[in-house]
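Here's the structure, in structure tokens; my notes come after.
No lab work stands behind these numbers, since they all come straight from the coordinates. What you see is a predicted model; the values in this text were computed from it and never measured. Here the Cβ positions follow ideal geometry from the backbone for every residue, glycine too, while neighbour counts run over all protein chains shown.
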Amino acid sequence: MCDVIKKIFKVVGILVAIAGAVAGVYYLVTKVLPCKNEVADDDESDYVSCSCCEAEEPVEVEAK
């Protein structure tokens, strides 16, 4: 009877360890990784210079 209880505790321990690992990965993905993206989210980092637009001559608009 004592061997059965040891096996049950071993299975429960393995399940608790797996649940803890899943909770750790969930916490890492939801809390830690989005913080890194907020720091790098600048307006200047998304800016792309377009030299083709700068080469055109400005268009003059006549006032009415």
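How much length would be gained if the chain were fully extended between I14 and Y26, taking 0.36 nm per residue of separation minus their Cα-Cα distance, in nm to one decimal?
So the extension gain works out to 2.5 nm.
Within a Cβ distance under 13 Å of G13, other residues only, what is the Lys/Arg minus Asp/Glu net charge?
Working: positive: K6, K7, K10; negative: none.
Here the count lands on +3.
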